[in-house]
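Structure first, commentary second.
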Amino acid sequence: MKVSPLANYLTEQGNRVAHALPGSSIDSVAQIRKNALARFALTGLPRMTDEQWRYTNIRSLEKHQFELSQSSDCKPDGVNISEWRLPKADTYLAVFLDGWFCSELSNLENLPDTANICSLAEILEFPTNANTQSFELALQELRSMSANAEHGFTALGAGFAADGLVVQVGSDVTLDKPLEVLFLSQRDADTRFCNVNNFVYAGKGANFQLIERYLSLGDTNHLTNSSFTFNLEADAQVDHYRIQNESECAFHIGSAKTRQKDSSRYRIFSISLGALLNRHEVIQSLDGENSHCELKGLYIGRGNQHIDNYTTIAHECADATSDEFYKGVLDDRARSVFHGRIKVAPGAQHTDAQQQNRNLLLSRNAEADTKPQLEIYADDVKCSHGATIGQLDENAVFYLRSRGLTEEQARTMLTDAFAAEIVNDIELEPVLTEVSNLVQKKLSSGNSIKEAA
Amino acid sequence: MLSINDLCVQIEDKKILDGINLDVAAGEVHAVMGPNGSGKSTLANVITGKLDNLTQGRITFNGMDLLDLDPEERAREGIFLAFQHPIEIPGVNNIYLIKAAVNALRRHRGESELDAIDFLAIVREKMKLLQINESFLYRSVNEGFSGGEKKRNEILQMMMLEPKLTVLDETDSGLDIDALKIVSRGVNSLADAGRSTVIITHFPRILEYIVPDHVHVLIGGRIVRSGGKDLAHELEKYGYTWVIEDTPAAVA
Ligand SMILES: Nc1ncnc2c1ncn2[C@@H]1O[C@H](COP(=O)(O)OP(=O)(O)OP(=O)(O)O)[C@@H](O)[C@H]1O
Ligand SMILES: [Mg+2]
């Protein structure tokens, strides 16, 4: 296979900077990076010939020579965090600048003793008796990323493992406030490579909300490669809100991989607004009976944005349920890809899996590709899926105009209504307000809303 | 108020309207009756601006050339159509639409927007008169409404927008006897010397409640007969064949 110049560049860079990364003096850590880089050198970056990347061309990304963000690049001075954190929200706050944890901007005080949240870099650099569990969890996950890398970006994630958040919430602990993880890219983040890996463990019966946000301070073309893994013990409940609103020149590859035990519940809202090239993967493994997951997504693209949502839900055991609903609005020349794979393993009887993907094209040049993929190896199951790609209903546009609304108002109102079906399901008030505002702002700034008439 | 002159509409190579002349003066009520497919809704669509492929003709509204105006401009000048088949709009709250529409009209007239409390008070009063449950305000426009509920919702919008010219396209179809009275009461609550109504209907019953000054019979895209309110009853008795046989021009 032909390996791209960027892949070569990154492999060399990885070997060069390895000694400066956190925990490089610990053999087990260094070995993980080395193996992952070796794997990356073999696989390279994803190609459209890879079935999972069929509709996503990363050519625009390969035009740049990305440099791994150094811890010295992280400059918290002058960042007024109250401007960027979720408004009107009382949260535990973890802030990252270009991929590095910033304790001075974060606020993780007064966490219950049974909850442990700390920076991956810190754990790797200074393993102590107190954080042994987190250290072990991180190593195990990084090893698995390297060994089971689905594609180059996963291998790259482990090969350049630097910082991120390691979260452990103990049995039966309910966090009194949501945990907000804010990834900011700084004004000078052009061609910077921000690589973060986050590992979340929810003990038996634990219950909390996690808000994952990405913002850019400038119109920079950085690359974010971010992974989250969740392990939910029995009866745990995690609500995960993800808002990706990076610069529309940026490149963003993200994932949420979750394993769930008996009667646990995981719900994610994946809101994709920013980045020129955006891919978000949600990989679910329902390993326990009566476990339940909900995947809701909303993506809005304009200009030349490309938004790829790749999702897999594996029903590995009986009596688990999943509910997936993604909606997208594409304007100008924007493109979207939705891949919804549902696997029902042999013996996973009474599976109930619902999947829907709806796309609204506002311009003639916008494009949406949607690909459901159902693999069902059990017979007593309820699975359904549906996908649509359409335009605004011109009769509805006329109805609104006949009541005195301008054509632009009518189109905006109908487009808002389309998006609202996802947005209005957000239960956490400050997230709901923030997403509504962002969505409205993005939709009302579209320029071809008029032109499409 | 409304003056239609030699209006012809052709869709593909089919003549749908073929030389319509109609004058509606301020304060008048006109009824338009005619068999299915004769062009009644098409006429309504031309007036509101949904159709603009006229082959010939002129329409003026209070001195303005109506054909120069976009649908929203016509609405703001006071034209309202109660649709024969009101469309469902998932995700758009009824109250949100009504409020946006009322405020669009107020802005056009140079008035300030209604504040939320005043607006709610007015809309509640109209809903009471139309016997619509308040929960309908917070549902998506017409979504899951019964046929009769949709029609009432159209009249609610009409009452809120206070149009100068209302076109009711078969608003009476699908209404039960009580609902017909309620809806007529709603329409009449707005009646004054400055407002006009065009009622498209198949049944003389609604004309008992909203009494027309003129009745027109539209067949094959032409008005083949006009008369007073008694014409509606004659039509019911003798049917459209009677008009056609009685009016040689209609078969031409
Ligand atoms: N877009 C269109 N394309 C083709 N034919 C059309 C179109 N719109 C209307 N027509 C035709 O024009 C004719 C008149 O239709 P219209 O809806 O105006 O009838 P109507 O008098 O309102 O009938 P009804 O009493 O059933 O409501 C019908 O034959 C209809 O099929
Ligand atoms: Mg009709």
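Quick look at the values:
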read-out	value
Set A:88/A:441; A:261/A:371; B:181/B:229 screened for pairs whose C-alpha atoms are more than 24 Å apart	A:261/A:371
For chain A, accessible area per residue (1.4 Å probe, heavy atoms of protein chains only), Å²	38 Å²
Cα pair distances in segment A:88-178, grouped into 5 Å bins until the bin that holds the longest one, percent each	3, 12, 20, 21, 20, 13, 8, 2, 0
Residues residue B:242 and residue A:440, FRET efficiency given R0 of 45 Å [Cβ-Cβ distance, rounded to 0.05]	0.15
Length added when fully stretched, residue B:208-residue B:68, from 0.36 nm per residue minus Cα-Cα	46.8 nm
Proximal charge balance of residue A:35 [Cβ under 13 Å; K/R count +1, D/E count -1]	+3
Calculated Rg and Dmax of segment A:159-250 using C-alpha coordinates, Å	15.0, 44
Relative frequency of Cα-Cα separations exceeding 22 Å in segment A:310-441, percent	51 percent
Dimensionless Rg/Rh of segment B:126-221 - Kirkwood Rh, Rg from C-alpha atoms	0.97
Cα Rg over Rh - segment B:113-156, Kirkwood	0.98
Phi to ³J(HN,Hα) by Karplus 6.51 cos²θ - 1.76 cosθ + 1.60 over segment A:143-160, Hz, x for Gly, Pro	4, 5, 4, 5, 6, 10, 3, 6, 7, x, 5, 6, 4, 4, x, 6, x, 9
Segment A:30-170 - Rg over Rh from alpha carbon coordinates, Kirkwood radius	1.02
Listed peptides A:402-412, A:328-338 by packing density, highest first (mean Cβ within 10 Å)	A:328-338, A:402-412
Solvent exposure of chain B as accessible area per residue, Å², 1.4 Å probe	45 Å²
Selection of trypsin sites (Lys or Arg not before Pro), segment A:60-145, meeting DSSP coil and at most 16 other Cβ within 10 Å	A:63, A:88
Binned Cα-Cα distances of segment A:12-69, short to long, each 5 Å bin given as a whole percent	4, 15, 19, 21, 16, 12, 9, 3, 0
Residue A:114 versus residue B:131: modelled label distance in nm, points set 7 Å from Cα along the beta carbon direction	5.9 nm
For peptides B:113-124, A:341-352, sequence by mean Cβ density within 10 Å, most packed first	A:341-352, B:113-124
Volume per residue that the Cα convex hull of segment A:1-112 spans, once the total is divided by residue count, Å³	198 Å³
Over segment A:205-301: Kirkwood hydrodynamic radius from C-alpha pairwise inverse distances, Å	13.9 Å
Nitroxide proxy distance, nm - points 7 Å out along Cα→Cβ at residue A:84 and residue A:391	4.1 nm
Viscosity 0.890 mPa s, temperature 25 °C, Stokes-Einstein D of chain A from Kirkwood C-alpha radius, µm²/s	110 µm²/s
Cβ neighbours within 10 Å from other chains - mean over B:68-75	5
Accessible surface of segment A:313-453 [probe 1.4 Å, protein heavy atoms]: carbon and sulfur percent	45 percent
Helix-only CD estimate at 222 nm, as mean residue ellipticity for chain A, using -39500 (n - 2.57) per DSSP H run (n ≥ 4)	-7500 deg cm²/dmol
Mean Cβ neighbour count within 10 Å, used as a protection proxy, ranking B:15-22, A:250-257 highest first	A:250-257, B:15-22
Protein accessible surface hidden between B and A, which excludes ligands and nucleic acids, total in Å², probe 1.4 Å	1900 Å²
Length-normalised contact order of chain B in % [C-alpha pairs under 8 Å, at least 6 apart]	27 percent
Two-site label geometry, residue A:384 and residue A:126: point separation in nm, points 7 Å out along Cα→Cβ	5.5 nm
Simple Cβ-charge dipole of segment A:218-345, Lys/Arg +1 and Asp/Glu -1, about Cα centre, in debye nearest 20	340 debye
For segment A:117-155 and segment A:169-217, distance of Cα centres in Å	15 Å
Convex hull volume per residue in cubic angstrom - Cα atoms of segment B:76-147	105 Å³
Isotropically averaged projected area of segment B:1-157, using the convex hull of Cα atoms (one quarter of hull area), nm²	10.8 nm²
Segment B:81-122 - percent of accessible surface contributed by carbon and sulfur, probe 1.4 Å	56 percent
Positive dipole terminus of the protein assembly as shown, leading residue within A:170, B:177, A:251 (C-beta point charges)	A:251
Alpha-carbon centroid distance for the pair segment A:277-308 / segment A:329-344, whole angstrom	9 Å
Residue-averaged beta-carbon neighbours from other chains (10 angstrom radius) around A:390-402	6
Degrees separating the helix B:116-130 axis from the principal Cα axis of chain B, which is the longest one	50 degrees
Within 10 Å of each Cβ in B:91-102, the average number of Cβ atoms from other chains	4
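The values are calculated or read from the model by the stated rules, or taken from the named source; none is laboratory data. Please read all numbers here as calculations on a predicted model, not as lab measurements. Note: ideal-geometry Cβ built from the backbone for every residue, glycine included; neighbour counts use all protein chains shown. Areas reflect the complete protein model, heavy atoms only, side chains present, ligands, DNA and RNA absent. Shrake-Rupley method; radii C 1.70, N 1.55, O 1.52, S 1.80 Å.
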